[in-house]
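Okay, structure first, notes after.
A short reminder: the numbers here are calculations on the coordinates, not readings from a lab. Being a predicted model, the structure only gives us computed values, none of them experimental. When we count neighbours, we look across all protein chains shown, and the Cβ atoms used for this are built from the backbone with ideal geometry, even at glycine.
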Amino acid sequence: MTEPLRPLALATLAIAATLAVYAAARVVQRRTGSVLLHPVLVAIVTLILALRGMGIGYAEYQRGGRLLGFWLGPAVVALGLPLYRQMEEIGRRRRAVLLSLLAGSAVGVVTATGTALLFGASSQVVRSLASRSVTTPIAMAISARVGGLPPLSAAVVILSGILGAVAGPPLLRVMDIRSRTAWGIAMGASAHGVGTARAAEEGDTEAASSGLAIGIMGVFTAVMAPLVIWALAELEWIGPMVFASG
Amino acid sequence: MSASAHPPTRVRSLLRFAAGLAVIVALMFVGDAITAAARLPLPGSVVGMLLLAAALRMRWISPALVQPAAEMLIRNMALLFVPAGVGLMLYLPLLRREWVPIVAASVASTFAVLVVVAWTQQRLERDD
């Protein structure tokens, strides 16, 4: 192979490997039907093990990876379509939904950063956890903005999603939550995409409310996380922002 | 009747897909430009999402135009964050050191959000 073609070949290979591993991970989940085997999680772990096994660094993988990653931005913009549709659908409950999610967003940022601080987390980890209660692509974008580590935020969001989807419904039953909208937005706000998939098993109202919660939580938390992180830095409970070189 | 006057449906749907995708990507760059100019700490893509929802509500854009591209992006969103997630390999020592606060914060915050949102919403609906 001639030298100039090498980077191009590596980039293509990285994209092809990502697609193949992700497709295989989806098949595994469909076959086993397990929420715990989330395809993104399985794909990430498999790719990390493979790259380490072959002695390939992340920077080299990212020559192709970033071409896929670029489309996350447009995918977040695309969420504006379901957001618009569900805002129309929710009708007169809109005010209640906005208030509940405003409270949820504040509680999400404060409990995540507060608990992390109590358990002695480093500043970088606290910054990465601030965006925990929103869907993965938005969490990564917020994380980058507040000086967190976007990959760590992504992993935390997916784990929270699995936890919320499994433990959420029994907890909501114990709390005697009868409103279908309340059920749906609580699942969407706390368990994001995985929670919405679980909500879709309950019914259309639950699914639509859950999807709406994802969009609104994203917007509220995008404002809330930088404010809380700024306050924590002013109080000197966390260190100043460190700019990563990569 | 010539084929060019009535392009086959497949060509038309491909054009619509491309047009919708162009609108979405353009809104992302507009969002980035707004956050940069106003020095907002928000991600540009979140501003782009709000702009898309607003443009649909104002009837500046029809839902049918962006629907094919938007649905394709949303359906495959999980795949798109795999490469970034692989970046965890750079932070394995950090994970080993700080997995306790990370797990504790995730569990506490997931349940706190679930309880607060469900309770507040059911309460507010009763008052309506």
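What to note about this one:
- Here the stretch A:1-158 has an Rg and Dmax of 19.1, 64 Å, counting Cα atoms alone.
- With a simple spin-label model that places each label point 7 Å from the Cα along the Cα-to-Cβ direction, the separation between A:F119 and A:A167 comes to 1.1 nm.
- Rel. contact order, % - alpha carbon contacts under 8 angstrom, at least six apart, chain A: 18
- P(r) weight above 26 Å for the stretch A:128-246, C-alpha pairs, percent: 26
- On full extension, the segment bounded by A:R178 and A:V242 gains 18.5 nm, given 0.36 nm per residue less the C-alpha separation.
- The protein assembly as shown: projected area of the alpha-carbon convex hull, averaged over directions, in nm²: 22.6
- Candidates per trypsin sites (Lys or Arg not before Pro) in the stretch B:1-107, loop by DSSP, up to 11 other Cβ within 10 Å: B:R39, B:R59
- Förster radius 25 Å - calculated FRET efficiency between B:L95 and A:V27 (Cβ-Cβ, nearest 0.05): 0.35
- Cα-based Rg and Dmax for chain B, where Dmax is the largest Cα-Cα distance (Å): 21.6, 71
- Helix-only [θ]222 nm of chain B, DSSP H runs n ≥ 4, -39500 (n - 2.57) each, per residue, nearest 500: -26500 deg cm²/dmol
- For the pair A:L98 and A:L13, label points projected 7 Å from Cα toward Cβ lie 5.3 nm apart.
- Paramagnetic label reach from A:E202 (point 7 Å along Cα→Cβ; backbone nitrogen cut-off under 15 Å): within the stretch A:129-167, residues A:164-167.
- Theoretical ellipticity at 222 nm over chain A - DSSP helices of four or more residues, -39500 (n - 2.57) apiece, nearest 500: -26500 deg cm²/dmol
- In terms of surrounding Cβ atoms within a 10 Å radius of their Cβ, A:E88, A:E60, A:E236 rank from fewest to most as A:E236, A:E88, A:E60.
- Spin-label model, A:R66 to B:A19: label points 7 Å out along the Cα-to-beta-carbon direction sit 3.4 nm apart.
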